[in-house]
Each structure stands twice: as structure tokens, then as C-alpha cells.
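Undergrad: Take a look at the following structure, please.
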Amino acid sequence: MIGPLQRFVETLRGRGVSLSPVEVLDAARAAEAVGPEHRDRFRAALAMTLAKDRRSLAIFEESFESFFATPVRGSGGSG
């Protein structure tokens, strides 16, 4: 999970969100604690550690949706 999280952090930084190494470490710990299996909890854990104000929260929400897109489930097996 550290690789995808680091790429997500770089995405946020690229969009102007200032994040310290300590904040990134807190986010990694929070992500590990809740796990990506529970998308709502995962999003909330990252938001609490990576978004400091309304502007960064808006950027976080947009970036999260595109970066951690919900996998599309197939309709049946392809044999």
C-alpha cells in the first residue's frame, strides 16, 4: 500500500497541497489501520491526515475519486 499512497501524495502535492513527511507517515499509519477494503473508512482516514482546510479537502476528494477508482465488476465469467 505504501507505493500507491506515495503516488497519491505526489498527486496531491502536484496539485498544490502542502504535506510534510510527518503528515504522510500519519496517513500511512491510518491507511494501514483501516485497510483499503473498506473504501469509506479508508477515504476518511486519509482525508483526516492529508486535508488541512477546505481547499485541500476539495483537491483530496477529486484526486481520491480518480486515483482510487472503484474497480468495475464484470458481469459473469469469460470462460
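Undergrad: Any chance you could count how many residues in the range 19-51 are more than 22 Å from Ala69 (Cβ to Cβ) and either touching a helix residue (DSSP H, G or I) at 6+ places or on another chain (Cβ under 6 Å) or touching a residue at least 24 places away in the same chain (Cβ under 8 Å) (or both)?
TA: We begin by selecting, within the range 19-51, every residue more than 22 Å from Ala69 (Cβ to Cβ); these are 20-23, 25-26, 29, 33.
Subset that is either touching a helix residue (DSSP H, G or I) at 6+ places or on another chain (Cβ under 6 Å) or touching a residue at least 24 places away in the same chain (Cβ under 8 Å) (or both): 23, 26.
Count: 2.
Undergrad: Then there's this: Can you pull out the residues in the range 35-57 that are part of a helix (DSSP H, G or I), surrounded by fewer than 17 Cβ atoms within 10 Å (Cβ to Cβ) and not acidic (Asp, Glu)?
TA: Of everything in the range 35-57, those that are part of a helix (DSSP H, G or I), surrounded by fewer than 17 Cβ atoms within 10 Å (Cβ to Cβ) and not acidic (Asp, Glu) turn out to be Arg39, Arg41, Ala44, Ala47, Met48, Arg54, Arg55, Leu57.
A short reminder: the numbers here are calculations on the coordinates, not readings from a lab. Remember, predicted model here, so these are calculated numbers, not experimental data. Neighbour counts run over all protein chains shown; Cβ positions are idealised from the backbone, glycine included.
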